[in-house]
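The values are calculated or read from the model by the stated rules, or taken from the named source; none is laboratory data. Here the structure is a predicted model, which is why all the values come from computation and not from measurement. For neighbour counting, all protein chains shown are included, and Cβ atoms are generated from backbone atoms with ideal geometry for every residue, glycine included. We work out accessible area using only protein heavy atoms, side chains counted, and drop any ligands, DNA or RNA first. Shrake-Rupley method; radii C 1.70, N 1.55, O 1.52, S 1.80 Å.
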Amino acid sequence: MAAVEKRRPAVAAVAGFTDSGRPAASRTAATAESEEDFLRQVGVTEMLRAALLKVLEARPEEPIAFLAHYFENMGLRSPADGGAGEPPGQLLLQQQRLGRALWHLRLAHHSQRTAFNNNVSVAYACLSASGRKKKPGLDGRTYSELLKRICRDGEAPEEVVAPLLHKIQCRDHEAVPLDVFRAGMLTCFVLLEFVARAGALYQLLEDPTLAVADRRVGQAVLDTLEGALQASDAAATPSRYLEATSRLGPDSLALAMDRALGARRPGSPMTREEFLEKAAALFIAKVKPVA
């Protein structure tokens with residue numbers, strides 16, 4: 001009889017029932033459901049979904065490294081209350097928001113219009129989060145600081161970008177709407193690419209032994225560049241101005257350079273800094289100032 005009693009738990013387990021009489025499969029399903037509920041409640045499900053959407057938007061060459069960077073930057077998320085430690089923690093909180101907004105803006109190239117605009121909206125929301133003593137919205141001071149960060153991180157010379165910042169900055173106390181924010185971000189990124197292309201162009205003109213270019217040739221190229229920009233639509237976006245420079249074919253540039261070298265005027269050097277500053281001025285002249 002004792003042997004029979006000892007075998008009963010084993011028979012119950014084989015039958016798929018626990019000591020409480022509840023089926024084991026049902027208990028497993030309930031556990032799985034509670035785990036899903038937990039992940040959903042703490043925000044993990046939504047966070048993973050957002051991360052995968054960012055991967056699909058950006059389509060990076062190294063998705064795993066992209067995700068690692070994404071989750072690393074999740075730590076920059078500001079508290080829901082905007083930081084109760086004002087004013088001591090306000091500066092740190094502001095830097096965190098700027099860093100997070102800048103990271104979102106760099107997820108997609110500005111030529112990927114839909115993804116870039118989505119990221120601009122996310123960056124705007126990051127910077128517009130309100131604290132307990134601050135109304136929601138983005139002020140001109142924060143907007144201008146982000147513009148400076150973009151240009152500084154883009155390694156563009158300060159004298160090159162200063163005229164642009166003067167044109168598209170807002171006053172510290174002004175409220176910055178989303179459309180102004182989007183236009184400013186796009187203009188900054190396009191200018192950085194424009195300056196980078198101008199730098200590559202200067203390398204073709206530069207005398208390797210002297211580390212300078214002939215002023216006649218440099219000015220001829222700048223004149224050709226100006227003509228391409230003037231031919232673009234006056235109401236075009238900054239991206240269109242960048243496309244205008246892409247239409248500068250080698251034939252038109254070679255012709256301009258030949259004419260410059262054929263002139264009988266004595267040549268003088270043009271430095272890289274001067275060339276970039278003049279090229280950027282052509283671009284900035286087309287940018288409309290913030291009203």
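In this structure His104 has an accessible area near 10 Å², from a 1.4 Å probe over the protein heavy atoms. Accessible area ranking (1.4 Å probe, heavy atoms, ligands and nucleic acids excluded), largest first, for Leu67, Leu39, Leu204, Leu146: Leu204, Leu39, Leu67, Leu146.
For Val212, the residues 5 or more places off, or on other chains, whose built amide H falls under 5 Å of its own are Asp207. Projecting label points 7 angstrom from Cα along Cα→Cβ for Gln219 and Asp179 puts them 4.2 nm apart. Each residue was assigned an accessible area with a 1.4 Å probe, and for Val122 the value is about 50 Å². For region 135-212, the solvent-accessible area with a 1.4 angstrom probe is 52 square angstrom per residue. Give me the accessible area of Thr209, 1.4 Å probe, in Å² rounded to the nearest 10. Estimated to the nearest 10 Å², Thr209 gives 120 Å². With the simple spin-label model, which puts each label point 7 Å out from Cα in the Cβ direction, the Asp153 to Val55 separation comes to 2.3 nm. In this calculation the C-beta distance from Asp207 to Glu273 is compared with R0 = 22 Å, giving a FRET efficiency of 0.90. Of the residues Arg49, Arg215, the one with the largest accessible area comes first in the ranking Arg49, Arg215, computed with a 1.4 Å probe on protein heavy atoms. Measuring against 23 Å, Cα to Cα, the residue pairs Lys54/Lys286; Lys54/Lys148; Lys148/Lys278 contain Lys54/Lys286; Lys54/Lys148 as the ones spanning a longer distance. Under a 5 Å amide H cut-off, with hydrogens placed 1.01 Å from N, Lys286 pairs with nothing among residues at least 5 apart or on other chains.
Figure the gain on full extension for Thr45 and Ala231 (residue separation times 0.36 nm, minus the Cα-Cα span) and round it to one decimal in nm. Working shown, then result.
On the way: separation 186, 0.36 × 186 = 66.96 nm, distance 5.07 nm.
Between Thr45 and Ala231, full extension yields 61.9 nm more.
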